[in-house]
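To start, the structure itself, in structure tokens.
The values are calculated or read from the model by the stated rules, or taken from the named source; none is laboratory data. Values in this document were obtained by computation on a predicted structure and should not be read as measured data. With ideal geometry, Cβ positions are generated from the backbone for all residues, glycine too; neighbour counts draw on all protein chains shown.
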Amino acid sequence: MERVPMTADGYQRLEIELKKLKSEERPAVIKAISEAREHGDLSENAEYHAARERQSFIEGRVREIEDKISRAQVIDVTKLSGETVKFGATVTLADEETDEESTYQIVGVDESDIGQGLLSVTAPIARAVMNKSVGESVTVDTPGGSRDFEIVAVEYR
């Protein structure tokens, strides 16, 4: 069974989503199905079919989250330190061509949100900087071609 690395925040968000699905979404969709059944002929009842589709989605998501939680390898980033990039690190990179700096935290696949600076551990940039140290340069193959970055800072917060 393959472990799924995630930060404590990511684990907590999954638990919150699971609780909401089980305590709010699931009962609401069951009620919607029940109400739609009262309208008669199910073969032409759009409300019933929509509620059943929603129920299918909810049940699939519950199973998916339960699986990830059971395989979770929660990494407490606050207990890590050093200048080498590891899972959970917040990394500041400078584009060697433009000198533009970007900061990302390397997180689990389900936690990634590039708009908030949360970069999936499987992303090309994250893979390129893993196990590298401050001052090292890395080349990242992107859809627009290769780009070179220098690791400016590594923090664990």
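Does segment 135-144 include one or more residues that are without any contact (Cβ under 8 Å) to a residue 24 or more places away in the chain, within 20 Å of V4 (Cα to Cα) and assigned to a loop (DSSP other than H, G, I, E, B)?
Checked segment 135-144: no residue is without any contact (Cβ under 8 Å) to a residue 24 or more places away in the chain, within 20 Å of V4 (Cα to Cα) and assigned to a loop (DSSP other than H, G, I, E, B).
Anything in segment 28-58 that is in contact (Cβ under 8 Å) with a residue 12 or more places away in the chain and either touching a strand residue (DSSP E or B) at 6+ places or on another chain (Cβ under 8 Å) or not hydrophobic (A, V, I, L, M, F, W, C) (or both)? List them, or say none.
Correct list: E35, E47, Y48, R52, R54, Q55.
In segment 117-155, what residues are surrounded by 16 or more Cβ atoms within 10 Å (Cβ to Cβ) and in contact with a Pro (Cβ under 7 Å, 6 or more places away or on another chain)?
V121, V140, listed by residue number.
Answer yes or no as to whether I75 is under 30 Å from L21 (Cβ atoms), of a type outside the set (S, T, N, Q), surrounded by 15 or more Cβ atoms within 10 Å (Cβ to Cβ) and modelled with pLDDT of 95 or more.
Working: under 30 Å from L21 (Cβ atoms): yes; of a type outside the set (S, T, N, Q): yes; surrounded by 15 or more Cβ atoms within 10 Å (Cβ to Cβ): yes; modelled with pLDDT of 95 or more: no.
It is false that I75 is under 30 Å from L21 (Cβ atoms), of a type outside the set (S, T, N, Q), surrounded by 15 or more Cβ atoms within 10 Å (Cβ to Cβ) and modelled with pLDDT of 95 or more.
Residue by residue, here is whether (1) within 21 Å of Y11 (Cβ to Cβ); (2) not polar (S, T, N, Q) holds:
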position	(1), (2)
E66	yes, yes
G82	no, yes
F87	yes, yes
I106	yes, yes
V109	yes, yes
S120	yes, no
I125	no, yes
G145	no, yes
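What residue, among those in segment 104-116 that are touching a residue at least 40 places away in the same chain (Cβ under 8 Å) and β-branched (V, I, T), is surrounded by the most Cβ atoms within 10 Å (Cβ to Cβ)?
Step by step, filter segment 104-116, then rank; the result is V107.
Let me spell it out: the conditions are (1) surrounded by 13 or more Cβ atoms within 10 Å (Cβ to Cβ); (2) over 23 Å from the mean Cα position of the chain (by Cα); (3) not assigned by TED's automatic domain parsing to the domain that holds V138, and E25 meets all of them except one. Which number is the exception?
If we test E25 against (1) surrounded by 13 or more Cβ atoms within 10 Å (Cβ to Cβ); (2) over 23 Å from the mean Cα position of the chain (by Cα); (3) not assigned by TED's automatic domain parsing to the domain that holds V138, just (2) comes out false.
Read through the list (1) among the acidic types (D, E); (2) closer than 19 Å to V4 by Cα; (3) loosely packed, with under 14 Cβ neighbours inside 10 Å, then give the number of the only condition that D99 fails.
All conditions are met except number (2).
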